[in-house]
Amino acid sequence: MKKELLGYICCPSCRSPLELEGAVEEGAEIVSGSLLCRACGGIYAVEGGVPNLLLKQKLGDEKIMSRGFEFEWKYFFRTSKPYFKQMFLEWVAPLKDDDFSERVILDAGCGMGRNSLIAASMGAKAVIAFDIHDAVKLFYGRSKAVKNLHIVKADIFNPPFKRVFDIVYSAGVLHHTPSPSLAFKKLSELVNPGGVFSSFVYGRENNSFIAKVVSFFRESVISRMPNLFVLLLSYVLGFLLFIFLKFVFTPVNYVFKLAGTGNFAGYFRFLAGTDFEYSVHVVFDHLVTPIASYHANSEVESWYRDNGFSDVKVWNRYGITHIGFGRKK
């Protein structure tokens with residue numbers, strides 16, 4: 001933890017300022033200590049360089065939901081694939097590289113932190129990344145040298161942050177929470193007037209088979225299995241996906257020039273440009289979560305309208321996901 005983080009965080013219970021006590025420092029980093037709230041008496045530990053700002057008494061389904069993702073981010077900890085920046089910029093469109101320069105950014109549900117590192121590399125004044133699981137400590141250990149990056153263990157429904165953010169983004173997270181609309185509302189309250197909120201969620205359009213059949217199998221069977229078994233299954237299915245992409249889809253697409261980006265064609269074209277490891281990761285990511293919801297374009301748009309955003313844009317990506325964007329009034 002860097003001392004500058006105190007300017008961005010607050011008590012998750014009463015939203016009052018936090019004070020640092022008993023700090024143990026290593027260079028510019030605070031590796032342990034306590035964060036105290038004088039208003040309500042809350043005490044939060046800094047553990048392994050990461051402040052733990054979870055309200056334990058309020059954690060429910062979201063903590064259970066995080067277990068599979070914690071395993072995922074510890075196993076698939078990769079932050080430097082050449083196509084990751086392309087993915088990130090698609091997820092936060094219409095934002096460009098220059099839009100991040102000297103801005104204060106919140107990465108809501110940072111996972112392994114690859115998007116946080118990309119945002120930090122584009123000249124952000126500060127990137128605050130948070131997630132609910134212990135994999136954030138691994139992320140911190142591998143990225144603490146990045147001076148404009150701060151990492152917090154926190155809950156999306158009780159975000160311990162001041163309203164200081166120029167850009168808030170949540171890439172592929174809201175649809176894995178028990179209440180995506182409430183999670184959206186909580187994050188929207190952290191955006192400065194004139195600031196923007198970018199979101200990426202699963203679309204209901206063109207996803208009926210996955211939403212009904214695959215989700216039922218995943219939620220009732222796969223998500224109850226040990227993570228190592230799900231990982232093994234993901235390698236098998238990921239291998240089949242990789243073979244399909246390289247030796248079936250790619251030649252067919254080359255010969256017949258499959259039109260448009262809907263109905264998975266655009267997504268398959270993107271996946272065909274990745275590697276075997278990413279195919280496995282994609283499969284595991286879809287199987288391991290017990291919660292995955294799918295949302296209509298109009299529903300995502302209503303989240304923005306209902307929470308005080310203007311310049312709202314929601315569009316379909318690859319025919320199966322929605323990218324949302326809005327500017328806080």
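Below is a table of values for the structure above.
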read-out: Top-ranked residue of segment 115-142 - restricted to ones that are part of a helix (DSSP H, G or I) and within 21 Å of D166 (Cβ to Cβ), ranked as farthest from the chain's Cα centre (by Cα); value: S121
read-out: A108 modelled with pLDDT of 95 or more, in the same structural domain as E189 (by TED's automatic domain parsing), buried (at least 22 other Cβ atoms within 10 Å of the Cβ) and over 17 Å from the mean Cα position of the chain (by Cα); value: no
read-out: Residue check, V196 assigned by TED's automatic domain parsing to the domain that holds F100, among the β-branched types (V, I, T) and either outside any helix (DSSP H, G or I) or in contact with a Leu (Cβ under 8 Å, 6 or more places away or on another chain) (or both); value: yes
read-out: Complete set of residues in segment 160-175 that are buried (at least 24 other Cβ atoms within 10 Å of the Cβ) and not aromatic (F, W, Y); value: P160, V168, S170, L174
read-out: Whichever residue in segment 16-25 is surrounded by fewer than 17 Cβ atoms within 10 Å (Cβ to Cβ) and not acidic (D, E) and, among such residues, is farthest from the chain's Cα centre (by Cα); value: G22
read-out: Search result, residues across segment 314-329 that are touching a helix residue (DSSP H, G or I) at 6+ places or on another chain (Cβ under 7 Å) and either crowded, with 17+ Cβ neighbours inside 10 Å or at pLDDT 95 or above (or both); value: V314, R317, Y318, G319, I320, H322, I323, G324, G326
read-out: Index of the failed condition, T274 passing every other in (1) at pLDDT below 85; (2) outside any helix (DSSP H, G or I); (3) not assigned by TED's automatic domain parsing to the domain that holds F71; value: (1)
read-out: Members of segment 82-105 that are farther than 22 Å from Y140 by Cβ, assigned to a helix (DSSP H, G or I), under 18 Å from the mean Cα position of the chain (by Cα) and of a type outside the set (F, W, Y); value: Q86, M87, L89, E90
read-out: Search result, residues across segment 114-134 that are free of Cβ contacts under 8 Å to residues at least 40 places away in the same chain, crowded, with 19+ Cβ neighbours inside 10 Å and not hydrophobic (A, V, I, L, M, F, W, C); value: R114, S116
read-out: From L149, L187, residue being closer than 23 Å to K96 by Cβ, crowded, with 23+ Cβ neighbours inside 10 Å and touching a Pro at 6+ places or on another chain (Cβ under 8 Å); value: L187
read-out: Boolean, L182 is of a type outside the set (F, W, Y), closer than 30 Å to F264 by Cα, crowded, with 21+ Cβ neighbours inside 10 Å and modelled with pLDDT of 95 or more; value: no
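The values are calculated or read from the model by the stated rules, or taken from the named source; none is laboratory data. These numbers come from a predicted model, not from an experiment. Positions of Cβ are generated from backbone atoms using ideal geometry, with glycine treated the same way; all protein chains shown enter the neighbour counts.
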